[in-house]
1. If PRO60 satisfies all but one of (1) farther than 16 Å from ALA122 by Cβ; (2) touching a residue at least 40 places away in the same chain (Cβ under 8 Å); (3) within 17 Å of the chain's Cα centre (by Cα), what's the number of the condition it fails?
2. Looking at (1) within 14 Å of ASP86 (Cβ to Cβ); (2) open to solvent by 30 Å² or more (accessible area, probe 1.4 Å), find the lone condition where ASP143 falls short.
3. If GLU134 satisfies every condition in (1) closer than 25 Å to VAL27 by Cβ; (2) surrounded by fewer than 18 Cβ atoms within 10 Å (Cβ to Cβ); (3) touching a helix residue (DSSP H, G or I) at 6+ places or on another chain (Cβ under 6 Å); (4) not small (Gly, Ala, Ser) but one, which is the exception?
4. Go through (1) under 21 Å from GLN81 (Cβ atoms); (2) in contact with a helix residue (DSSP H, G or I) (Cβ under 7 Å, 6 or more places away or on another chain); (3) open to solvent by 30 Å² or more (accessible area, probe 1.4 Å); (4) polar (S, T, N, Q) and name the single condition GLN166 misses.
5. Could you look through the range 146-163, keep only residues that are farther than 15 Å from GLY106 by Cβ and among the acidic types (Asp, Glu), and pick out the one that is surrounded by the fewest Cβ atoms within 10 Å (Cβ to Cβ)?
6. What number goes with the only condition from (1) farther than 22 Å from ALA102 by Cα; (2) buried (at least 18 other Cβ atoms within 10 Å of the Cβ) that GLY188 does not pass?
7. Quick one: VAL174 ticks every box in (1) β-branched (Val, Ile, Thr); (2) assigned to a loop (DSSP other than H, G, I, E, B); (3) crowded, with 18+ Cβ neighbours inside 10 Å except a single one, so which number is it?
Amino acid sequence: MTAIAPTLDLEAARHAMVVSQLRTSGVNDARVVAAMAQVEREQFLPESQRPFAYRDRSLPLGNGRAQNPPLATGLLLTQAQIAPSDAILVIGAAGGYTAAVAAKLGTRVVAVETDPGLASAARVALGGTVTVVEAPLTVGAPDLAPYDVLIVDGAIEALPDSLAEQVKVGGRIVAGLVDRGVTRLAAGVRTEAGFGLVDFLDSDCAILPGFERPSVFEF
C-alpha cells in the first residue's frame, strides 16, 4: 500500500471523528483517543476507500472483507484496558489500522490476517512496527504467545478455545459478536477455568470469516 500525505480535509475528518464519534460514544480512555487522533486511518485502506476513512461505517476491502468502523474499534480498545507493558494479539488485521493504534498503547503487537493481499498491505503500511502473521484467523499466532490482550477486530459467532488459550490467565479479551444478523461488542477475562464474553453494546461491526458455529440438525 503506497503511503499518501495527509490532506487538510482528512486531518479535519480525523479530528471530527475524535470529537463527534469517539468522545461522545463511550471511548473515554485518553490514551485510546490520543492514539486514534494520531494514526492516519486512510494509510491503511485501499485508495478507493481513503476519502471515506473517518465515516462511522464498515468499509469494503475486497474479497468479502471490510474494515471495522472507527467507533467499534475505539470501543473495543477502550474495553481492553491496554497497559504500556502489554503484549497484544489482533485477529483480523485487515490493512493494519487497529494494529497500528494498538502499537501506540502496548509494547508488542502481533496481527493475524488470512487474506494474502491484506496481510501484504498491512506489512507495508505498518513498516515493521507490528508483527503481521498470515494464517487462518481462528488459529491466531500461538508460536508468539502468550498475550495480555486479545482483540478480535470484527464480529464472530463464537471464539475458539484455541485462541483464548493464547491469552495469559487474567488477560483481557474483546471482540464483536454476531447473532442472527445482529452485531454486538463484548469483553471478558481469561481465568483458570476458561473465559466468557459479556455483551456491552449493540454496534455496527464488520463480520470476520471462519468463525461460524457448526450447523445443528433439527428434526
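The values are calculated or read from the model by the stated rules, or taken from the named source; none is laboratory data. Just so you know, these numbers come straight off a predicted model, no measurement behind them. Ideal geometry is used to build each Cβ from the backbone, glycine not excepted, and the neighbour counts take in all protein chains shown. Side chains are part of the model used for accessible areas, which takes the heavy atoms of the whole protein and leaves out ligands, DNA and RNA. Shrake-Rupley method; radii C 1.70, N 1.55, O 1.52, S 1.80 Å.
1. (2)
2. (1)
3. (1)
4. It is condition (3) that GLN166 fails.
5. That would be ASP161.
6. (1)
7. It fails just one condition, (2).
For (1) farther than 22 Å from GLY127 by Cα; (2) acidic (Asp, Glu); (3) in contact with a Gly (Cβ under 9 Å, 6 or more places away or on another chain); (4) modelled with pLDDT of 95 or more, each residue gets a yes or a no:
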{"site": "ASN28", "(1), (2), (3), (4)": "yes, no, no, no"}
{"site": "MET36", "(1), (2), (3), (4)": "no, no, yes, yes"}
{"site": "GLU42", "(1), (2), (3), (4)": "no, yes, no, yes"}
{"site": "LEU45", "(1), (2), (3), (4)": "no, no, yes, yes"}
{"site": "ALA83", "(1), (2), (3), (4)": "yes, no, yes, yes"}
